[in-house]
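First comes the structure, then the notes that go with it.
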Amino acid sequence: MADPGEAAVVRLPERFEAFYEREYHRVLGFAYAVAGSWEAAEDATQEAFLRAHRDWQRVGHYDQPGAWVRRVAANLAVSTFRRALAEARAVVRLAARRQPDPPLHAEALDFWRAVRSLPARQRQAIALFYLEGWPTAEIARFLGCTETTVRGHLHRGRATLARRLGEDRGGAP
């Protein structure tokens, strides 16, 4: 038992930067062993160190902050692996049930070729609205913009498509 007259020694955490430099490559190697992929290991390691940095006031006081980072990296790597495995299984299941798409008519091929030539946001709005049947409010949430902006993308996209497809068929510009 400590002498009541002695002052308690408070352990200060090391600087995060020093911890990061010392542990990064070892944690990366560990994550690679768990994940089996350098890309997944790098992602898990970076995310684990990001979380450690964010909570360094707490994590830095742990007896073994490196063990905490390794646990987080391992959990992330396993989660990534499980998610990829579930996605692969779903793709196999869906591919087995899928009927081949009927061939598109020449007009449809021309239309979707023209859609693909639009700027990205117009192309996304057109496809979500006409192909998927989404309302403008859902498209706005998906694209991270306002409904007014979505309506603008749709208007400009339709105008460009009308010009391009009209010109391709010998119509007036």
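The C-beta contact set for segment 13-40 (first residue touching a residue at least 12 places away in the same chain (Cβ under 8 Å), second residue surrounded by fewer than 11 Cβ atoms within 10 Å (Cβ to Cβ), distance under 7 angstrom, 6+ apart or interchain) is empty.
Scanning segment 29-38 for any residue that is among the hydroxyl-bearing types (Ser, Thr, Tyr) and outside any helix (DSSP H, G or I) turns up at least one such residue. Within segment 91-113, is there a residue that is crowded, with 16+ Cβ neighbours inside 10 Å, within 29 Å of the chain's Cα centre (by Cα) and either modelled with pLDDT of 80 or more or small (Gly, Ala, Ser) (or both)? No, because not a single residue in segment 91-113 is crowded, with 16+ Cβ neighbours inside 10 Å, within 29 Å of the chain's Cα centre (by Cα) and either modelled with pLDDT of 80 or more or small (Gly, Ala, Ser) (or both).
Residues in segment 114-133 that are under 22 Å from the mean Cα position of the chain (by Cα) and not charged (D, E, K, R): Pro119, Ala120, Gln122, Gln124, Ala125, Ala127, Leu128.
Considering (1) outside any helix (DSSP H, G or I); (2) at pLDDT 80 or above; (3) farther than 13 Å from Arg156 by Cβ, the lone condition that Leu118 does not fulfil carries the number (3). Just to be sure before I move on: is Ala67 assigned to a helix (DSSP H, G or I), modelled with pLDDT under 80 and either more than 27 Å from the chain's Cα centre (by Cα) or under 30 Å from Gln46 (Cβ atoms) (or both) in the structure I sent? In short, no. Take the conditions in contact (Cβ under 8 Å) with a residue 40 or more places away in the chain and of a type in the set (S, T, N, Q) and apply them to Ser79. Does it pass? The answer is no for Ser79.
The values are calculated or read from the model by the stated rules, or taken from the named source; none is laboratory data. Here the structure is a predicted model, which means the values were calculated and not measured. Cβ: placed from backbone, ideal geometry, glycine included. Neighbour counts: every protein chain shown.
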